[in-house]
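Remarks on the structure that follows.
Read-outs: derived from the displayed coordinates by stated rules, not from any lab. All figures in this text were calculated on a predicted structure; none of them were measured in a lab. No Cβ is skipped: glycine too gets one built from the backbone with ideal geometry, and neighbour counts run over all protein chains shown.
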Amino acid sequence: MSDYDYLIVGSGLFGATFARQATDAGYKCLVIDKREHIGGNVYSEKREGIDVHVYGAHIFHTSNDRIWEYVNRFAKFNNYINKPKVRFEDNVYSFPINLMTLHQLWGVTTPAEAEAKLEEVRIPCENPDNLEDWILSQVGREVYETFVKGYTMKQWQRDPKELPASIIKRLPIRLTFDENYFFDKYQGIPVEGYTSMVQNMLEGIEVRTGVDYFADKEALDSLAEKIVFTGKIDEYYDFRFGELEYRTLRFEHESIDGDFQGNAVINYTHPEVPFTRILEHKHFQPQTAAAIPNTIITREYSDEYKRGKTPYYPINNDKNNKMYKKYEVLARNEPGVIFGGRLAEYKYYDMHQVIGSALYKSRKELEKRSNNS
Ligand code: FAD
Ligand code: UDP
C-alpha cells in the first residue's frame with residue numbers, strides 16, 4: 001500500500017489542475033516542485049505593492065466556458081485586455097497588426113484602403129508553410145521587416161524560413177481598429193495574482209517545494225501508486241533519443257519611480273535592441289495602476305537553452321517534433337506515468353490549453369480508476 005495515490009511532479013497549472021481533480025475525487029496526492037515556489041511559470045510575487053509576473057507577462061484568455069468557470073473557482077479576474085504596442089526605432093505602433101497599425105505605417109484610413117494597399121504588397125506563395133513565407137503572403141515585406149523579422153530572430157535565433165508558420169498564426173491580423181491581442185471570449189488576470197490562484201487550487205493538498213524528482217526518483221516513486229510528470233519528457237527518458245531544443249529567457253527586473261511606458265507590454269522589434277519586450281507590471285491591473293507612484297519593469301531577453309537553465313519555449317520545428325514523437329511512443333506505453341503540460345507534451349501551450357489538457361487527462365484517469373475499483 002503506497003502513501004499516496006498520485007505523486008505529481010511539478011506545481012504548474014498542469015500539476016495543480018490534476019492534483020485538484022484527483023483530490024476532489026477522493027485520492028491522496030503529493031505535489032513536488034524543484035523550484036522553491038509553486039505555480040511554475042505563472043508564478044507572481046508582490047513587490048513594492050505591485051504584482052510582478054516573475055517569469056514574463058501572463059494574460060489568461062479562453063473561449064471555453066468550462067475552463068473559464070474552472071479558473072473562476074480559484075480566482076477573481078480583472079477585465080484586463082492585452083493591447084501591446086510595438087516600438088521600432090523612434091516610432092510606437094499599435095499591435096497586433098490592425099487598421100491603426102497600417103494607418104500609422106501607410107496613412108490608410110479605411111478597411112478598403114488597407115486591403116487595396118495590402119493587395120499591392122503581398123508576396124504570393126503557393127505553399128507558405130514556414131513563418132517568413134506565410135507572413136510575406138499576408139502583409140508583404142515592409143510590415144514583415146518592421147514588426148516580425150527582428151523580433152522573431154531575437155526570440156528564436158533561427159531564420160524565420162526555418163520556423164513553422166504556426167508560431168506567427170497565433171497573432172491576429174485585422175483590418176479593423178480592434179487592438180485586442182487575442183480572439184477569445186474571456187480574458188483577464190487574477191486580481192490577487194496567479195500565485196494566489198494556484199494556492200487556492202492546491203488547498204488541502206500536500207506540496208513540497210525545492211524537491212527535484214530526478215535527485216531521488218526511486219524513493220519518490222515508491223511513495224505513490226502513480227506518477228503525474230510535468231517536467232521535460234526527454235529528461236525523463238535520460239535523453240536516449242537526443243535532447244529536445246528549447247528557448248530560455250533572462251528577465252531583468254528594475255524598480256523605478258513614476259510610469260515608465262504607459263502600457264503593460266511594449267515589444268521591441270528592431271534587431272539591434274537586445275531584448276524582445278519590456279513589461280510594466282502595474283498596468284496589468286488597470287484599476288489600481290494610476291494610484292501607485294512607483295513602478296517595476298522587466299526587460300525580457302531570449303537565449304538558447306542549455307541544461308541547468310529553465311526551458312520556457314519548445315522549438316516545434318520538424319527535427320524536434322520528430323524526436324518528440326519517439327518519446328511520446330515510450331510515454332504511451334508507460335502505464336504508471338501520466339505525462340502532461342508544456343514540457344512533457346512538448347507543445348507551445350497557453351494556460352487555458354494546459355488546464356484543458358489536465359482536465360481531460362485527469363477525467364480519463366479517474367474514470368478508469370473508478371471502473372477498476
Ligand atoms: P510549468 O509552468 O513549466 O510547470 C512545470 C513545473 O514542473 C515547474 O514548476 C518546474 O519547476 C517543475 N519541474 C520540472 N521538472 C521537475 C523535476 N525534475 N522535479 C520537480 N519539479 C520539476 N500563457 C497564456 O495563456 N497567456 C500568456 O500571456 C502567456 N505568456 C507566457 C509568457 C512566457 C514568457 C512564457 C514562458 C509562457 C507564457 N504562457 C502564457 C504559457 C504558460 O506559461 C504555460 O502554458 C503554463 O504555465 C504551463 O504550465 P505547465 O504546468 O505545463 O508547466
Ligand atoms: N511576434 C513578432 N513580433 C511581435 C510579437 C510577436 O514577430 O511584436 C512573433 C514572434 O515570432 C513570436 C510569435 O509572434 O514568437 C508569437 O508571439 P506571442 O506574443 O504569442 O509570443 P509569447 O507571448 O508566447 O512569447
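Overview of values
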{"quantity": "Over the chain: Rg over Rh, Cα atoms, Kirkwood Rh", "calculated": "0.98"}
{"quantity": "Entries of Lys83/Lys361; Lys226/Lys364; Lys149/Lys169; Lys117/Lys149; Lys325/Lys368 with Cα pairs more than 22 Å apart", "calculated": "Lys83/Lys361; Lys325/Lys368"}
{"quantity": "Dipole magnitude of segment 230-373, debye to nearest 20 (Cβ charges: Lys/Arg +1, Asp/Glu -1, about Cα centre)", "calculated": "800 debye"}
{"quantity": "Three-way shape label, segment 258-373, alpha-carbon gyration tensor, a/c 1.5", "calculated": "oblate"}
{"quantity": "Which of Gly341, Gly188, Ser362, positive extreme of dipole for the chain (C-beta unit charges)", "calculated": "Ser362"}
{"quantity": "Using θ = phi - 60° and Karplus 6.51 cos²θ - 1.76 cosθ + 1.60, couplings along segment 193-198 (whole Hz; Gly, Pro as x)", "calculated": "x, 5, 5, 5, 4, 5"}
{"quantity": "Sequence of His37, His352 once ranked by neighbouring C-beta atoms within 10 Å, starting from the fewest", "calculated": "His37, His352"}
{"quantity": "Val228, Val121, Val108 arranged by Cβ crowding within 10 Å, fewest neighbours leading", "calculated": "Val121, Val108, Val228"}
{"quantity": "Residues whose placed amide H lies under 5 Å from that of His37, excluding near-sequence neighbours", "calculated": "Gly210"}
{"quantity": "Reachable aspartates and glutamates, given that their alpha-carbon falls under 18 Å from the alpha-carbon of Lys306 and they are not under 8 places away in the same chain", "calculated": "Asp212, Asp234, Glu235, Asp238, Glu243, Glu245"}
{"quantity": "About the Cα centre, charge dipole magnitude for the chain (Lys/Arg +1, Asp/Glu -1 at Cβ), debye", "calculated": "640 debye"}
{"quantity": "For peptides 247-255, 138-146, 319-327, sequence by mean Cβ density within 10 Å, most packed first", "calculated": "138-146, 319-327, 247-255"}
{"quantity": "³J(HN,Hα) computed for each position of segment 351-356 - Karplus, 6.51 cos²θ - 1.76 cosθ + 1.60, integer Hz, glycine/proline x", "calculated": "4, 5, 6, 5, 5, x"}
{"quantity": "Given charges at Cβ of Lys, Arg, Asp, Glu: the chain dipole, positive-most of Thr101, Val42, Ser255", "calculated": "Val42"}
{"quantity": "Mean separation of Cα contacts under 8 Å (6+ apart) over length of segment 207-349, as relative contact order %", "calculated": "34 percent"}
{"quantity": "Sequence-separation-based contact order of segment 114-245, relative, with Cα cut under 8 Å and 6+ spacing, percent", "calculated": "16 percent"}
{"quantity": "Cβ-based exposure ranking for Ser370, Ser11, Ser63, Ser302, in which fewest neighbours within 10 Å come first", "calculated": "Ser370, Ser63, Ser302, Ser11"}
{"quantity": "Extension gain from Asn78 to Glu113, taking 0.36 nm per residue of separation minus the Cα-Cα distance", "calculated": "9.0 nm"}
{"quantity": "The chain: relative contact order in percent, alpha carbon pairs under 8 Å with at least 6 residues between", "calculated": "26 percent"}
{"quantity": "Charge-dipole axis of the chain as Lys and Arg at +1 and Asp and Glu at -1 on Cβ define it, positive-most pick from Phe214, Ile123, Val52", "calculated": "Phe214"}
